[in-house]
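Read the figures in this text as sums done on the coordinates, not as results from a lab. Because the structure is a prediction, the values reported are computed rather than measured. Note that we place each Cβ from the backbone using ideal geometry, even for glycine, and neighbour counts take in every protein chain shown.
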Amino acid sequence: MTRYLLERPHQLVSLTFFSERYESAKSSISEDLTILKRTFKTRGTGLLETVPGAAGGARFIPYIKKDEASRFIDDVITSLSEEDRFLPGGYVYMSDLLGRPGVLHQVGRLIATQYVHDPVDAVMTVATKGIPIAQSIADYLNVPFVIARHDSQITEGSTVSVNYVSGSSSRIEKMALSKRSLKPGSRVLIVDDFMKGGGTVGGMQSLVKEFDSTVAGVAVFAEGAFEGERVVPNYTSLLRIHATDDHVDVTPGNYLSEIYTPERFSQLKD
């Protein structure tokens, strides 16, 4: 039962299914779920919601505790603070980190924690290194993830495109998304690996509106130093990076302070 629930986050599984699968009485299944609920809470694995009634069952909702999240962010900061990671233009080399399953696994848990009680119907990113991050988050939220592209491909079929202004270079660029990617009325979580001026994220927000959908939130792995006003005022970042000619300064983003507020943390403990 534990494995089945862990592999299907946010999916309601009926007691009847477990009862038939393991040839046990529903009362025994219910007792086992109570043990799992207590264990998940003690170890910080996640929440196990039980829904009463004939159509009820159990639903596993993953999250991560603040101390574990803080340790992970500190470890990533240590890795990214190496001087040889500096790239021209104030960027930092992160591809090796974003290619490690363990890192992506934790990033998915971190962002999914923010939406424990907020509905998300899809995760959107642009065709860059943000794809594996979006996929990991979508796995933990158990929702589809869609990829916006700068150049539409014939395999995408009919597309919807928008023009947007790059926040860092002030260039006009194009972004397109297949018409079949999103259903109208969806709540979409926008994800990107790195943000400076926020132009790319702003383009994705425009795409979401074209599909008559709503932006549920914006999450970025890292934000870079930017002089001026970002296109996107509200977002969550795990890291904040300031790169000079000979030094890379990496600090925690606003994730810990935004997510682990007393009000939200009390919800996670329920």
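Some observations on this one:
- A simple rule links phi to the HN-Hα coupling: the Karplus curve 6.51 cos²θ - 1.76 cosθ + 1.60 with θ = phi - 60°, which for region 67-75 gives 5, 5, 5, 5, 5, 5, 4, 4, 5 Hz, with x for Gly and Pro.
- Restricting the GluC sites (Glu not before Pro) of region 143-227 to loop positions (DSSP other than H, G, I, E, B) with no more than 10 neighbouring Cβ atoms within 10 Å leaves Glu227.
- Selection from Ala69, Gly102, Thr113, by position along the positive dipole direction of region 61-118 (Cβ): Thr113
- Computed packing ranks the peptides 64-71, 201-208 as 201-208, 64-71, most packed first, by mean other Cβ atoms within 10 Å.
- Size estimate for region 64-137 follows the Kirkwood approach: the inverse of mean 1/r over distinct Cα pairs works out to 13.7 Å.
- Note on Ser170 and Thr34: their simple-model spin labels are 6.7 nm apart, each label 7 Å out from Cα toward Cβ.
- Inverse of mean 1/r across different Cα pairs in region 1-44, Kirkwood, Å: 11.0
- Taking every DSSP beta bridge that has both ends in the chain, the antiparallel portion is near 50%.
- Anisotropy class of the chain from Cα gyration tensor, a/c 1.5 cut: oblate
- Sparse packing (at most 12 other Cβ atoms within 10 Å of the Cβ) combined with a DSSP loop state is found for none of the chymotrypsin sites (Phe, Trp or Tyr not before Pro) in region 7-73.
- Taking amide H as placed 1.01 Å from N in the peptide plane, the amide H of Met195 sits under 5 Å from that of Ala222, Glu223, Gly224, each at least 5 places away or on another chain.
- Counting only residues at least eight positions apart within a chain, or on another chain, the aspartates and glutamates with an alpha carbon under 18 Å from that of Lys37 are Glu7, Glu49, Asp270.
- Candidates Ile29, Ile147, Ile73: whichever shows maximal mean-square fluctuation once the chain is modelled as a Gaussian network with Cα springs under 10 Å: Ile29
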